[in-house]
Amino acid sequence: MTTEYQKIHGYVTDRFPRVNSPADLARYELSPDQISRYHEEGFLTGIKILEPEQVDELARRLELIRKGLDRHIQRLYEVEAAYLERPDEVTFHFLGAWLVDACFHDLIFSPQITVPISQLLGSDRVRFWHDQIFYKPPRHPGVVPWLGATTGPVESGYGALTIPQIKQAASQAGTLITP
């Protein structure tokens, strides 16, 4: 029987920390300086979100999804059609890992993620609409089109821009909402 993770509004596994008190939440909070830097620069670096063993487990499960795609494809929101035709040339891009795997489902409840995101958005809590995965193993020739729509190819100058310049250029094009 297939588990319908979309109907479960809480943890399924024990892979992520639980919050039982304000002190538990405080462990994951960003500093005021980090929040300010994010609003100035549009990104943060050096923040540990997941433990190495959590990353390893998610990577293992991602590989199981990829290898068992025929079992999961009907439950995923979207799978890059070109990947299905040419997996050796196109990166594996899909939405809906949380629908087919317990750890990806639980990831969205983890205070390791929800606390800093809530702070950056200035909200008491967050709700995730969907997940999106671009899987590009080492030395795979495919590209990951993460930047979104541009008014020209990357080689026309976007690659040399800083994050604030990219934010400004994309905002002027109407394709990126700044913090």
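Can you tell me the length gained on complete extension of the stretch GLN74 to PHE128, counting 0.36 nm per residue apart and subtracting the Cα distance?
Extending this stretch completely gives an extra 17.4 nm.
Have a look at HIS39, PHE104, LEU50 and report the one farthest towards the positive end of the charge dipole of region 5-145, computed about the Cα centre with Cβ charges (Lys/Arg +1, Asp/Glu -1).
Towards the positive end, the residue furthest out is PHE104.
Using the Cα centre as the reference, give the magnitude of the dipole from point charges on the C-beta atoms of region 6-102 (Lys, Arg: +1; Asp, Glu: -1; all else neutral), rounded to the nearest 20 debye.
Values: 13 positive and 18 negative charges, 86 e Å.
That gives a dipole near 420 debye.
Read phi for every residue in region 72-79 and hand back ³J(HN,Hα) as whole Hz from Karplus 6.51 cos²θ - 1.76 cosθ + 1.60, θ = phi - 60°, with x for Gly and Pro.
9, 4, 6, 9, 7, 5, 7, 10
Going by average Cβ density within 10 Å per residue, which order do the peptides 113-125, 7-19 take, highest to lowest?
Descending mean neighbour count gives 113-125, 7-19.
Which of the aspartates and glutamates could a cross-linker bridge to LYS7, judged by Cα under 14 Å and excluding same-chain residues fewer than eight apart?
Of all the aspartates and glutamates, those that pass the test against LYS7 - Cα under 14 Å, at least 8 places apart if same chain - are ASP101, ASP106.
For region 54-104, state which GluC sites (Glu not before Pro) are in a DSSP loop and have at most 13 other beta carbons lying within 10 Å of their beta carbon. Mind showing how you got there, number by number?
Working: sites: GLU57, GLU63, GLU78, GLU80, GLU85, GLU89; in loops: GLU80, GLU89.
Loop-located and lightly packed - GLU89.
Treating each Cα of region 54-135 as an identical point scatterer and ignoring solvent, apply the Debye formula and state log10 I(q)/I(0) at q = 0.13, 0.18, 0.23, 0.26 Å⁻¹.
-0.46, -0.80, -1.10, -1.27
So between VAL19 and ASP56, what do we pick up on full extension, going 0.36 nm a residue minus the alpha carbon distance?
Taking VAL19 through ASP56 to full extension adds about 11.0 nm, to one decimal.
Run the Debye formula on the Cα coordinates of region 5-145, all scatterers equal and no solvent, and tell me log10 I(q)/I(0) at q = 0.21 1/Å.
The Cα Debye sum returns log10 ratios of -1.33.
Would you kindly derive the ³J(HN,Hα) couplings of region 50-56 from the backbone phi angles with the Karplus curve 6.51 cos²θ - 1.76 cosθ + 1.60 (θ = phi - 60°), listing them in order in whole Hz, with x for Gly and Pro?
In residue order, the calculated couplings are 10, 6, x, 5, 5, 4, 4 Hz.
If R0 is 35 Å, what FRET efficiency do you get for ALA82 and THR3 from their C-beta distance, rounded to 0.05?
0.75
No value in this document is a laboratory result; all are computed from the given coordinates. This structure is a prediction, so every number in the text was calculated from the model and none was measured. Every residue, glycine as well, gets a Cβ built from its backbone with ideal geometry; the counts of neighbours run over all protein chains shown.
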